[in-house]
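What follows draws every value from the coordinates through simple rules; no lab data is involved. Note that the structure is a prediction, hence the values are computed from the model and not measured. Please note: Cβ atoms are built from the backbone with ideal geometry, for glycine as well, and neighbour counts cover all protein chains shown.
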Amino acid sequence: MMLKRILSTKTLKELCQEFEQECRSNHGKYKNNFNLALEMGEKGELIVRKFLEEKGYIFLLKCEDNSYDYKFLKDGKECLFEIKTDVAHILKMT
């Protein structure tokens with residue numbers, strides 16, 4: 001329910017700005033902290049999900065194993081997405 005509220009109340013730009021600020025504030029701690037890296041990856045996936053939904057994809061499923069991350073529907077076709085979030089790349093861009 002909380003995820004649904006975040007997706008419905010925050011814009012893509014707001015999600016990206018929050019993610020970038022969090023990346024900067026953790027000063028690379030995610031590199032040696034699996035749980036933090038996992039949390040950051042989940043937030044990156046959320047941003048991609050929001051982006052795809054704004055492009056007309058309909059969210060169907062978040063996969064619970066390692067075969068893919070999300071399943072969407074677009075133009076009557078199911079699409080599977082494996083999402084990689086490179087936090088180090090985000091910090092080098094700005």
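Here the gap between F51 and K29, fully extended at 0.36 nm per residue and compared with their Cα-Cα distance, gives a gain of 5.2 nm.
Which pairs in the list K10/K62; K29/K62; K43/K71; K29/K50; K50/K77; K31/K55 are over 22 Å apart, alpha-carbon to alpha-carbon? Beyond 22 Å between Cα atoms: K29/K62; K29/K50; K31/K55.
Please find the FRET efficiency linking E78 to K13, where r is the Cβ-Cβ separation and R0 is fixed at 25 Å, and quote it to the nearest 0.05. The formula returns an efficiency of 0.30 here.
Sorting 49-62, 71-84 by their mean Cβ neighbour count within 10 Å, with the most densely packed peptide first, gives 49-62, 71-84.
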